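Every number here is computed from the coordinates shown, using simple stated rules; none is lab data. Only a predicted model underlies this, so the values are computations on that prediction, with no experimental measurement involved. We place every Cβ from the backbone using ideal geometry, glycine too, and count neighbours over all the protein chains shown.
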Amino acid sequence: MKDESYWWYIILQAKADLEEVFYYLAQASGSIGSEISIDQDDIRAKLYYRSDKGIDEWVERVLPLIEGFKGISVCGTGKEEWQPWLKWHKEAFPPLEVGKRLVVLAPWHKDEVPSGRIPIYIEPGSAFGTGYHASTQIALELLERHLKPESRVLDVGTGSGILAIAALKLGASSVVARDLDPAVAEEVRKNVMLNDITSGLKLEIADGTRGFDDTVDLVIANILYEPLVSMLDSFKRVLDEDGLIILSGLLFKEREPFVSEMGRSGFYAVEELVKEDWWGVVASCKAR
């Protein structure tokens, strides 16, 4: 890092009942911590960011994310002394067991892998997907249950690369990890190195499935409702005949309209999973 004497923060404001959305925005933008305060009908989120990037760069990450949510705005930025947060930062990411076989760990917990668990090492506070958000846990659990050995996988909106890394460690033969944000490339490479992955993963800075001409056995995406709906038809185009899609990043209240959209695109739900207010689904082009 260039300077760890302070952390940046961005303050978001909205009407109440958006607390879960604020937590999602924190994860998606690479925040390393957040504070939520509620005052009558208003809610504010103070999102903290590492100082190895300028505050303008972090704001540029946040602004496109909040466009998908009505009534959320940036109402302030600043910096805060880093020292009181050091201990909290490390203690905030204890080893996290996910599903029956996986455990997500920060790199300083490398010696704490529970017996029988497959470790997924992720540097917290980088790109979206530390493993500690419910939507990422949903995607990991469904991946664990439905990934077949030697599968070819497409990870759309890879963020930190956590799902791509998990797929390879669970037995995928190859993963193409795609993201629209060039800033994730360094974080993905860092996390790939932490997990000692030397082959099988191809990182592409690209928009969804645009320009992707291969077919895969599994598409996985942990993003938001609107982009997922817009890509359903393209997911079907790149899937092998017996392939599956695993989709997360959806609020449970979005389940009904999303299932309808899947049906219009020719997908049938195979399994659904709910954690907190978040929902994910496995779907196939064939009724089962």
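Each residue of segment 127-284 gets 95 Å³ once the volume of the Cα convex hull is shared out per residue.
For a straight C-alpha distance cut-off of 29 angstrom, the lysines reachable from Lys286 (same-chain residues fewer than eight places away being disregarded) are Lys100, Lys148, Lys169, Lys202, Lys236, Lys253, Lys275.
Ranking of Val238, Val219 by neighbouring Cβ atoms within 10 Å, starting from the fewest: Val238, Val219. Between Tyr225 and Ser199, the modelled label-to-label distance comes to 4.4 nm, taking each label 7 Å out from Cα in the direction of the beta carbon.
Of the beta bridges in the chain, as assigned by DSSP with both residues counted there, near 60 percent are antiparallel.
Modelled label positions at Thr215 and Ile55, each set 7 Å beyond Cα in the direction of Cβ, lie 5.3 nm from each other. Which of these, Asp181, Asp213, Asp233, has the largest mean-square fluctuation under a Gaussian network model of the chain (Cα springs below 10 Å)? Among Asp181, Asp213, Asp233, the largest GNM mean-square fluctuation belongs to Asp213.
With contributions of -39500 (n - 2.57) from each DSSP H run of at least four residues, the per-residue ellipticity at 222 nm computed over the chain stands at -9000 deg cm²/dmol. Remark: Thr198, Thr209, Thr215, Thr136 ranked as Thr198, Thr215, Thr209, Thr136, counting other beta-carbon atoms within 10 Å and listing the fewest first. Of His146, His133, the sequence from fewest to most neighbouring Cβ atoms within 10 angstrom is His146, His133.
A Gaussian network model of the chain, with springs between Cα atoms under 10 Å, assigns the largest mean-square fluctuation among Phe212, Phe22, Phe69 to Phe69.
Stokes-Einstein diffusion for the chain at 10 °C, viscosity 1.306 mPa s, with a Kirkwood radius from C-alpha pairs, works out to 82 µm²/s. Taking only the alpha-carbon positions of segment 234-281 and ignoring solvent, what does the Debye formula give for the base-10 log of I(q)/I(0) at q = 0.20 Å⁻¹? The Cα Debye sum returns log10 ratios of -0.68.
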